[in-house]
1. Give just the number: which of (1) under 26 Å from Thr163 (Cβ atoms); (2) modelled with pLDDT under 95 does Pro284 not satisfy?
2. Does Asp134 qualify as being part of a helix (DSSP H, G or I), under 21 Å from Ala257 (Cα atoms) and more than 15 Å from the chain's Cα centre (by Cα)?
3. Is it the case, given these coordinates, that Thr232 is under 30 Å from Val76 (Cα atoms), among the hydroxyl-bearing types (Ser, Thr, Tyr) and either modelled with pLDDT under 85 or surrounded by fewer than 16 Cβ atoms within 10 Å (Cβ to Cβ) (or both)?
4. Test Ala191 against the criterion of being among the aliphatic types (A, V, I, L, M), within 17 Å of Thr211 (Cα to Cα), in contact (Cβ under 8 Å) with a residue 60 or more places away in the chain and surrounded by 16 or more Cβ atoms within 10 Å (Cβ to Cβ), and give yes or no.
5. Taking region 163-187, which residues are open to solvent by 40 Å² or more (accessible area, probe 1.4 Å) and among the polar types (S, T, N, Q)?
6. Can you tell me which of Gly282, Gly311, Gly296 is touching a Gly at 6+ places or on another chain (Cβ under 6 Å) and over 19 Å from Gly213 (Cα atoms)?
7. Just to be sure, is Thr211 of a type outside the set (Gly, Ala, Ser), over 19 Å from the mean Cα position of the chain (by Cα) and under 30 Å from Ala253 (Cα atoms)?
8. Answer yes or no as to whether Gly252 is modelled with pLDDT of 95 or more and surrounded by 15 or more Cβ atoms within 10 Å (Cβ to Cβ).
Amino acid sequence: MTSAAEPTPAPVPGAAGPAGVHLDADGNSAVLTLDRPAKLNATGLTSCSLSRLNAYIPPNKGHIRLDEEVTVSIAVVTGAGGALGRAIARRLAVDGHAVAVVDIDAEAVEATRKDVAADGGAVRAWTMDLRDADAVNGMFEVFAIQSGGTGVLVNNAAIHPTTPFLEISPAEYDDVHAVNQRGYWLCAQAAARQMARNGGGAIINIASIMTHGGWSGLASYAASKGAAVALTRALARELGPSGIRVNAVSPGAFPTAAEEIHEDLAAYNRFVLEQQALKRRGTPEELAAVVSFLAGPDSSFITGQTIEVDGGWVMT
């Protein structure tokens, strides 16, 4: 488990989508497009100098030399090294955001960076242990300096050790909550400070279907995800006057590496399909589409909500 006392960014390409920085057709120069700035402002975009966006452009692709104020959204995705985080980062880049992908696993987050960049997205990778409060605050300070601040935050990082409840040590419980709950709180606080100064923004907390039922061996994880839902509602109420919307997305059972905790994957797959109204497995891209909606202007009057994305497993 690594911890970064100092944030360690890795630069790369520009952004695709209706507004943002992207590479031109021949991949040789950076271009800024602002097709719908008025609409995009509803997402909590931050005003920044074009020259600051050079951090998101690869050195061999030229630089933005104009010095004028524009609106560009910086979206931060934690836990971006996993399948769900990667799909979310890719979708937000397509939507036009410059994306900061964050994960404790340096190789995994670099793979996400390359994946997003391959589609023309403006993306920067950060290796970060979210249990380190100083490192988290330092990372968000860099965002403010380089881009003007954060417009969208997706709290997605989580750990999920499987231990019978009677055997969970206080240290293990504290570790789960340090990442899954305290990590959300630290990132939300740092991002919200910038959003409040910039007139608003959107925070999306990734919760879990486990908040709705009993799950053996995952009591610490389930408790942390319940806390994420409660935090979502509390922040939505408190931050609303500052134009900051806070919502949660609760994924069902998506086919990711997290399923490897189950000994019989075929039996688990049958169990999932029996529970769902839709008799197929969901994809990370389908979850990312809901996050995209909550990060964007079409959800501008939605806050404090938890949206279940589980194929009809839980119906409330």
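1. (1)
2. Values: part of a helix (DSSP H, G or I): yes; under 21 Å from Ala257 (Cα atoms): no; more than 15 Å from the chain's Cα centre (by Cα): yes.
So Asp134 fails the test.
3. On the way: under 30 Å from Val76 (Cα atoms): yes; among the hydroxyl-bearing types (Ser, Thr, Tyr): yes; either modelled with pLDDT under 85 or surrounded by fewer than 16 Cβ atoms within 10 Å (Cβ to Cβ) (or both): no.
Considered against the rule, which asks whether it is under 30 Å from Val76 (Cα atoms), among the hydroxyl-bearing types (Ser, Thr, Tyr) and either modelled with pLDDT under 85 or surrounded by fewer than 16 Cβ atoms within 10 Å (Cβ to Cβ) (or both), Thr232 comes out as no.
4. Working: among the aliphatic types (A, V, I, L, M): yes; within 17 Å of Thr211 (Cα to Cα): no; in contact (Cβ under 8 Å) with a residue 60 or more places away in the chain: yes; surrounded by 16 or more Cβ atoms within 10 Å (Cβ to Cβ): yes.
So Ala191 does not fit the description; no.
5. Filtering region 163-187 for residues open to solvent by 40 Å² or more (accessible area, probe 1.4 Å) gives 164-167, 169-175, 181-182, 185.
Hits for region 163-187 are Ser169, Gln181.
6. Working: Gly311 fails: over 19 Å from Gly213 (Cα atoms); Gly296 fails: touching a Gly at 6+ places or on another chain (Cβ under 6 Å).
So the residue among Gly282, Gly311, Gly296 that is touching a Gly at 6+ places or on another chain (Cβ under 6 Å) and over 19 Å from Gly213 (Cα atoms) is Gly282.
7. Details: of a type outside the set (Gly, Ala, Ser): yes; over 19 Å from the mean Cα position of the chain (by Cα): yes; under 30 Å from Ala253 (Cα atoms): yes.
So Thr211 fits the description; yes.
8. On the way: modelled with pLDDT of 95 or more: no; surrounded by 15 or more Cβ atoms within 10 Å (Cβ to Cβ): yes.
In short, no.
The values are calculated or read from the model by the stated rules, or taken from the named source; none is laboratory data. Just so it is clear, the model here is predicted, and its values are computed rather than measured. As a convention, Cβ positions derive from the backbone with ideal geometry for all residues, glycine included, and neighbour counts pool all protein chains shown. Note: areas computed on protein heavy atoms with side chains; ligands, DNA, RNA excluded. Shrake-Rupley method; radii C 1.70, N 1.55, O 1.52, S 1.80 Å.
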